[in-house]
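Remarks on the structure that follows.
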Amino acid sequence: IIKGSLQDKEYSPSDLHRKLLNLNWSDVFTTNYDTLLERAQNDLPYKHYEVILNKEDLVYSRPPRIVKLHGSFPSTRPFVITEEDYRKYPSESAAFVNSVQQALIENVLCLIGFSGDDPNFLQWIGWIRDNIGHSIASKIYLVGVFNFTAAEIKMLEKRNITVLNMNLCKDVAGDHYKGIDMFLDLLQEMTKNQIDLWPKQVESNLYFHFNTADDVKSNCL
């Protein structure tokens, strides 16, 4: 059903996929089954991400990597999708869990493509909170186009998540593509000629610029 519903080969990577991979991420973790990210790097001659499909691929792998956490087309299974899959994930996918835990201790995390009430998002955030701990986890940014209330933002802040609501930026007007495109352009500009400082110094600059919703709006304008 999943493979029939998501016609992977009928779609090509967009500029957003290429812009995302062109940044200097330590790793890219994805819960998507499609191969758009893997194919996007074919258009980036100076970038190479090792694609990790299973625990065996993790052995001796080195960043930067594209880590497919929930399975991958065409045939890397199981596809993680049900509540029961999530419940058993820490025990059945311990190698992936350890990799994500290490990444969350050492690096800033940008969550892109999740909504605040997305079941996958809620599962992931709960998993991070239960397995990492607030005191040692690095900063987490939730990036996208949102309509959060002040109470919802406060709730996310208590979970160590800073919301970067690109919907506050001029001309985005609810357009998810425009919002993510603007965010990636911003990161590209901020990290230009600062490769040696990525990601720690850039993270502190990002937090300085986007400490509140008003800051997002003023910086975007």
Which percent of the accessible heavy-atom area of segment 22-181 goes to carbon and sulfur, probe 1.4 angstrom?
-> 51 percent
Note, segment 49-66: 3J(HN,Hα) by Karplus (6.51, -1.76, 1.60, θ = phi - 60°), whole Hz, Gly/Pro = x, goes 10, 6, 8, 10, 9, 8, 5, 5, 5, 5, 5, 6, 6, 10, x, x, 10, 9
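Return the FRET efficiency for the residue pair GLU50, ASN98: r is the Cβ-Cβ distance, R0 is 25 Å, and the value is rounded to the nearest 0.05. Mind showing how you got there, number by number?
Numbers: r = 17 Å, r/R0 = 0.68.
With R0 = 25 Å, the Cβ-Cβ based efficiency is 0.90.
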What are the ³J(HN,Hα) values, in whole Hz, obtained from phi via the Karplus relation 6.51 cos²θ - 1.76 cosθ + 1.60 with θ = phi - 60°, for each residue of segment 97-110 in sequence order, with x given for Gly and Pro?
-> 4, 4, 5, 5, 4, 4, 4, 6, 7, 9, 9, 6, 10, 10
Long-range amide H contacts for VAL67: which residues qualify at under 5 Å (H placed 1.01 Å from N, peptide plane, sequence gap of 5 or more or a different chain)?
-> VAL28, PHE29, THR30, ILE52
Residues of segment 1-44 with backbone N under 17 Å of the label point set 7 Å from the Cα of PHE79 along Cα→Cβ are 1-11, 30-37
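Write down the accessible area per residue of segment 1-98 in Å², having rolled a 1.4 Å probe over the full set of protein chains.
Values: 5900 Å² over 98 residues.
That works out to 60 Å² per residue.
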Show which aspartates and glutamates lie in cross-link reach of LYS192 when reach means a straight Cα distance below 17 angstrom and same-chain residues fewer than eight apart are skipped.
-> ASP181, GLU203
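Consider all pairwise Cα distances in segment 1-148 and report the whole-number % of them above 27 Å. Please list the in-between numbers first.
Details: 2153 of 10878 pairs.
That tail contains 20 percent of the Cα-Cα pairs.
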Run the quick spin-label model on THR149 and ASP15: label points 7 Å from Cα toward the beta carbon, then report their separation in nm to one decimal.
-> 3.8 nm
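Provide the packing ranking of 15-26, 79-90, i.e. peptides ordered by the mean count of other C-beta atoms within 10 Å per residue, highest first. Intermediate results must be reported in sequence, preceding the final value.
Details: 15-26: 17.5, 79-90: 14.1.
Per-residue Cβ counts within 10 Å, averaged per peptide and sorted highest first, yield 15-26, 79-90.
Full-extension gain between TRP127 and SER61, please, as 0.36 nm times their residue separation minus the C-alpha to C-alpha distance.
Details: separation 66, 0.36 × 66 = 23.76 nm, distance 2.42 nm.
Going from the current span to full extension adds 21.3 nm.
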Out of residues 5 or more away from CYS110 or on other chains, whose amide H comes under 5 Å of its own, with H placed 1.01 Å from N in the peptide plane?
-> TYR141
So for segment 1-113, taking the charge dipole from beta-carbon charges (+1 Lys/Arg, -1 Asp/Glu), which of SER5, TYR86, VAL59 sits furthest toward the positive end?
-> VAL59
Determine which lysines satisfy two conditions relative to LYS3: a Cα distance under 23 Å, and not lying fewer than 8 residues away in the same chain.
-> LYS55, LYS68, LYS88
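The values are calculated or read from the model by the stated rules, or taken from the named source; none is laboratory data. This one's a predicted model, so the numbers in the text were calculated from it and none came from an experiment. Note: ideal-geometry Cβ built from the backbone for every residue, glycine included; neighbour counts use all protein chains shown. Note: accessible area is taken over every heavy atom of the protein model, side chains too, but ligands, DNA and RNA are not part of it. Shrake-Rupley method; radii C 1.70, N 1.55, O 1.52, S 1.80 Å.
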